[in-house]
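Reading through the structure tokens given below for one structure.
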Amino acid sequence: MAAARAVRSVGRRSRKLFDIFVSEVPWTVSSKELKEYFAQFGSVQRCQLPFDRDTGFHRRYCWIKFSTPQDVQNVLQKDAHILEGAKLSLKEQPRIRRGRRRTQSE
């Protein structure tokens with residue numbers, strides 16, 4: 001039982017996601033363009049650019065998922081990220097896994 005728990009724990013650590021939260025994204029920029037831009041810093045696994053159902057426009061923010069922590073650091077080391085004349089605002093944001101939350105009694 002303890003061995004199975006240890007294996008699951010190691011598996012969870014290896015699947016940790018490394019994300020950047022990007023705001024101030026210009027209306028004219030697509031998720032494909034964001035992926036291409038951030039690919040210069042490392043391997044981009046995914047770009048999540050949420051859209052507003054009522055307006056059909058994206059919400060001017062996104063999350064970028066990288067393969068390694070080094071890729072994230074490469075992005076954060078650059079002073080200014082500018083796309084189509086607009087300065088993007090970046091923040092490192094490890095994604096919180098959805099699932100069962102631990103209570104204080106556990």
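The values are calculated or read from the model by the stated rules, or taken from the named source; none is laboratory data. This is a predicted model, so every value here is computed, not measured. Cβ placement follows ideal geometry from the backbone for every residue including glycine, while neighbour counts extend to all protein chains displayed. Calculation scope for accessible area: heavy atoms of the full protein, side chains included, ligands and nucleic acids excluded. Shrake-Rupley method; radii C 1.70, N 1.55, O 1.52, S 1.80 Å.
Restricting attention to region 28-57 and to residues that are among the hydroxyl-bearing types (S, T, Y) and under 16 Å from the mean Cα position of the chain (by Cα), the residue that is surrounded by the most Cβ atoms within 10 Å (Cβ to Cβ) turns out to be Y37. Under the condition of being open to solvent by 60 Å² or more (accessible area, probe 1.4 Å) and closer than 15 Å to D71 by Cα, the residues counted in region 16-27 number 1.
Within region 58-77, the residues that satisfy the criterion of being open to solvent by 80 Å² or more (accessible area, probe 1.4 Å) and either of a type in the set (S, T, N, Q) or at pLDDT below 95 (or both) are Q70, Q77.
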